[in-house]
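So the structure is just underneath, and the comments pick up after that.
The values are calculated or read from the model by the stated rules, or taken from the named source; none is laboratory data. The shown structure was predicted, so the numbers you read here are calculated from the model rather than taken from an experiment. For neighbour counting, all protein chains shown are included, and Cβ atoms are generated from backbone atoms with ideal geometry for every residue, glycine included. Accessible surface is based on the protein model in full, side chains and every heavy atom, while ligands, DNA and RNA are left aside. Shrake-Rupley method; radii C 1.70, N 1.55, O 1.52, S 1.80 Å.
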Amino acid sequence: MPSVGESLGGDELAMFKRLRFHLDRKRARHAELDRTYRGVQLVRMLGLAIPQELRGFEFPLNWNRVTVDSIENRQDVKAFMRPGTEKADAAMWEGWQANNMDAGASLVHRETLVQGHTFVTVSTNAGDREHPLIVPESSRNMIAKINPSNRRIEAALRLYSDPWRSWAPDYATLYLPDSTTWLERDAGQWKIKDRDDHGLGRPPVVQFINRPRPDDFLGESEMADVMPLVEMATRVTANLQLAQEIVATPKVILRGAKKSDFLGIDGQPKGEWDAYMDAIWALASKEAAVDQVDPADLNNFIVVITMLAQQASAVTGLPMRYFGQNPANPAAEGAIRADESRLVKNVERKNRDAGNSWGDVMSLYERFRTGTWLPGARVTTEWYDAGTPTFAQKADAIQKMAGGTPVLSREGAWDELGWGTERKDRERGYFKQEALDIFGSEKDPAAPPVPTGG
């Protein structure tokens with residue numbers, strides 16, 4: 001096995017080349033999806049209504065970004081629970097916070113929705129052994145070989161560059177079942193820069209897949225259904241802008257006018273703009289006449305855009321108002337919940353799939369942190385409510401369930417309110433302080449009395 005400073009060789013080099021070949025084949029598609037999400041994609045034109053010189057009139061209605069962000073905005077991880085427990089695990093959440101994964105998770109969810117899949121890696125933290133590194137990765141720079149028999153990752157490769165050095169990939173990380181190897185290109189050869197022989201028995205890589213299907217290990221972009229609609233809408237708006245320039249203003253026709261009718265008081269010919277903006281036109285010839293051609297009605301373009309927005313709403317499950325089609329009056333609270341029912345269910349399904357992947361990530365995190373695997377089933381991921389709750393309605397319902405003849409405990413009511421672990425701990429501290437101030441002890445005054453025998 002080659003050591004640090006030596007060139008990669010043998011089976012490892014063969015796997016490196018194989019993974020790189022497959023990653024290079026997918027780069028064009030990844031770049032296209034990235035441009036589409038950012039709204040700078042190249043729109044195909046028929047070339048009949050708009051000549052090539054007027055491509056600057058393109059204005060993509062970026063419903064692709066709306067489709068992705070509307071889902072990602074509702075994907076917020078709340079807590080993790082160890083196998084066999086129903087209580088949030090403090091050690092895992094501490095590691096989550098130490099890796100700033102409240103922000104990092106958004107990167108993972110967004111990249112998964114845009115590209116169809118992405119990755120998260122876990123590794124030893126040389127500077128802090130108690131908090132292993134959890135790193136979101138981009139599917140544009142990373143690929144994994146998945147065993148079709150058990151659908152597990154056998155190997156993975158990440159290629160990346162330093163833009164201050166060159167745009168070519170000069171660095172790589174090769175993930176194998178028992179080792180992670182960091183590589184640097186030197187004189188055309190990939191040499192080992194560092195190595196971690198972790199002995200996990202599996203690569204420390206977890207893949208997130210959007211719209212998973214059996215034996216499909218790349219997923220599908222969430223933008224797939226709306227991309228053709230955005231392209232058509234872009235062509236419509238380009239035609240609209242061109243029509244505004246050509247036929248959206250009244251046209252004036254002069255018949256029988258003479259050149260002398262357009263002389264200024266100094267006897268010199270007026271400029272075209274001055275002649276057009278004159279408030280009063282006086283024509284010397286008796287046969288002269290002025291006619292006007294009414295501007296074209298551009299409402300047909302609006303009708304087409306509205307129709308495309310309706311189709312986008314149908315295929316994505318997003319409300320029409322998300323695509324700029326706002327009603328005269330704002331929707332009522334109940335109507336909002338009903339209008340977003342497909343969106344909420346879609347997010348919940350995606351959270352279920354992503355939650356399984358996050359469970360694998362945290363299992364790897366615990367293995368790196370403690371040196372042992374967690375027993376039993378996978379780690380459970382808990383999410384915040386994906387709906388758009390009205391706080392007054394929710395608080396009223398929780399109060400009714402927690403008061404009178406309660407069906408919810410105080411802790412259960414906090415869960416329904418969507419409070420995280422830190423918020424609950426802060427509230428427990430408030431209760432203890434109140435009890436100390438009033439009763440002189442930390443006994444919780446809201447706790448039920450302990451029954452005694454007799």
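Remark: spin-label model distance E94-Y384 equals 2.4 nm, labels positioned 7 Å along the Cα→Cβ axis.
Modelled this way, with points 7 Å down the Cα-to-C-beta line, the labels at V315 and A224 are 1.1 nm from one another. Ranked from largest to smallest solvent-accessible area, with a 1.4 Å probe on the protein heavy atoms, M227, M362 come out as M227, M362. A probe of 1.4 angstrom, applied to the heavy atoms of all protein chains, finds L107 with accessible area near 100 square angstrom. The distance linking region 137-187 with region 3-32 is 7 Å (Cα centroid to Cα centroid, whole angstrom).
Using a probe of 1.4 Å, the accessible surface attributed to W414 totals some 20 Å² when neighbouring protein chains are kept in position. Ligands, DNA and RNA excluded, the heavy atoms of D215 present near 100 Å² of accessible surface to a 1.4 Å solvent probe. Applying both filters, DSSP loop and at most 15 other Cβ atoms within 10 Å, to the GluC sites (Glu not before Pro) of region 91-175 gives E130.
When only Cα pairs below 8 angstrom with a gap of at least 6 residues are kept, region 59-121 shows a relative contact order of 32 percent.
Note on surface exposure: S106, S3 rank S3, S106 by accessible area, highest first, 1.4 Å probe.
Using R0 = 60 Å, the C-beta based FRET efficiency linking D194 and L417 works out to 0.85.
Stretch D102-D128 to full length: gain in nm at 0.36 nm per residue minus the Cα-Cα span? Can you show the working numbers first?
Numbers: separation 26, 0.36 × 26 = 9.36 nm, distance 1.95 nm.
Between D102 and D128, full extension yields 7.4 nm more.
Keeping every protein chain in place, order S149, S357 by accessible area at 1.4 Å, biggest value first, i.e. largest first.
Values: S149 100, S357 15 Å².
Reading off the accessible areas and sorting them downward yields S149, S357.
Applying a threshold of 25 Å to the alpha-carbon distances of K17/K193; K87/K350; K78/K350 flags no pair as lying beyond it.
Do you know the relative contact order of region 111-214, to the nearest whole percent, from alpha carbon pairs under 8 angstrom that are 6+ apart? Display every interim value, and only then the final one.
On the way: 199 pairs, mean separation 26.6, N = 104.
Value for region 111-214: 26 percent.
With the cut-off at under 19 Å, measuring from each backbone N in region 72-106 to a point 7 Å along the Cα-to-Cβ line of W182 picks out 99-100.
For region 156-219, the equivalent ellipsoid derived from the alpha-carbon gyration tensor has semi-axes of 26, 18, 8 Å in decreasing order.
Based on the Stokes-Einstein relation at 25 °C and a viscosity of 0.890 mPa s, and on the Kirkwood radius from alpha carbon pairs, region 103-152 is assigned a translational diffusion coefficient of 198 µm²/s.
The modelled label-to-label distance between K258 and A289, using points 7 Å beyond Cα along the C-beta direction, is 2.0 nm.
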